[in-house]
1. Tally up the residues in segment 87-125 that are outside any loop (DSSP other than H, G, I, E, B) and not hydroxyl-bearing (Ser, Thr, Tyr), please.
2. Return the total of residues in segment 31-56 being in a helix (DSSP H, G or I) and either in contact with a helix residue (DSSP H, G or I) (Cβ under 7 Å, 6 or more places away or on another chain) or under 24 Å from Ser190 (Cβ atoms) (or both).
3. Among the residues of segment 57-64, are any of a type in the set (S, T, N, Q), farther than 17 Å from Gly192 by Cα, surrounded by fewer than 18 Cβ atoms within 10 Å (Cβ to Cβ) and in contact with an Asp or Glu (Cβ under 8 Å, 6 or more places away or on another chain)?
4. Among the residues of segment 163-197, write down those that are part of a strand (DSSP E or B), in contact with a strand residue (DSSP E or B) (Cβ under 9 Å, 6 or more places away or on another chain) and of a type outside the set (A, V, I, L, M).
5. For segment 228-272, name all the residues that are among the aliphatic types (A, V, I, L, M) and surrounded by 23 or more Cβ atoms within 10 Å (Cβ to Cβ).
6. In segment 196-218, what residues are surrounded by 19 or more Cβ atoms within 10 Å (Cβ to Cβ) and under 28 Å from Asp29 (Cβ atoms)?
7. Could you go through segment 10-20 and let me know if any residue there is closer than 18 Å to Leu92 by Cβ and either small (Gly, Ala, Ser) or at pLDDT below 95 (or both).
8. Only residues in segment 10-33 that are closer than 13 Å to Lys51 by Cβ count as the first member; pair them with residues that are among the β-branched types (Val, Ile, Thr) and assigned to a loop (DSSP other than H, G, I, E, B), Cβ under 8 angstrom, at least 6 apart or cross-chain, and list the lot.
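The values are calculated or read from the model by the stated rules, or taken from the named source; none is laboratory data. What you see is a predicted model; the values in this text were computed from it and never measured. No Cβ is skipped: glycine too gets one built from the backbone with ideal geometry, and neighbour counts run over all protein chains shown.
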Amino acid sequence: MQTDSIVSMGNSLVQHGPANNRVYLLKLDPRDLPDIIDAICDLGHTNGYSKLFARVPATAYRQFTARGFIEEALVPAMCKGKCSGIFMSRYLDKARAVPRDSKLIARVLETARRNAQQPTKLYDTDNVVQLDAAHADELAGIYSRVFESYPFPIHDPEFIRQSMKNNVIFFGIRNSGNLVAVASAEMDKSWGCAEMTDFATLQEHQGTGAAGTLLTRMETVMHARGIHTTYTIARAESFGMNIVFAKRGYMFSGTLYNNTQIGGTLESMNVWHKKIAAR
């Protein structure tokens, strides 16, 4: 399973490589502005990548637009509960800015919004367990079975163990003692937000409400840890996860076109966000 490299550039963190065919500014340190923008542009051109992608505070918006970036999604008060977070992209190959099935993306979004109007289901989260380093091999096994390929090396137990040391909490649901569904909450404590991500359910247990159950428990834990905003980046052509987040009260933030390589192809991704009451 091919994955991209994660490297430090100044005080910021960047992922790049041929798997996603992009440069992703994962974590921007404002002290690196404006030089970091030129650095990721140079990195993209040098390697022939077709997209540059960044999550930045609204205070950096003009510096990125001045260098050809556009806004694709916005999360209000994402940064420290005050400043919006903006997902910005620059397409070095204009063809990548064209989604492969815009009608399907629109239909998924319409369906998710329609489902959001239905009464919220109450999930029993007693069967959700918080996982630690001792479960890394089991987690990696689940991800290897569910995903042919993934934007991050979650099939690697060592990557999972390192992630746990860097403010990522994994959750799971067991059946007959075995993990059957998992997910993670990746906290950015400097921003006070968390990405709800890495959802995977074994095929024979899909349709049981596992994702909604996991998400409900994850929100409770994030609330207890002082997180004020949770968000996700969900496959835009997948009805299931978009419906799960819409029904849990998440608001649509925007679509990232041909952004992420999952299962061997580049997929457009929808961003959803939710304000949770931090303690």
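1. Residues that pass the stated criteria total 20.
2. Number satisfying all stated conditions: 9.
3. Within segment 57-64, not a single residue is of a type in the set (S, T, N, Q), farther than 17 Å from Gly192 by Cα, surrounded by fewer than 18 Cβ atoms within 10 Å (Cβ to Cβ) and in contact with an Asp or Glu (Cβ under 8 Å, 6 or more places away or on another chain).
4. Within segment 163-197, Phe170, Phe171, Gly172, Arg174, Asn175, Ser184, Glu186, Asp188, Cys193, Glu195, Thr197 qualify.
5. Residues satisfying the conditions are Ala234, Ala236, Val244, Ala246, Met269, Val271.
6. Met196, Asp198, Met218, listed by residue number.
7. yes
8. Gly17/Thr3; Ala19/Thr3
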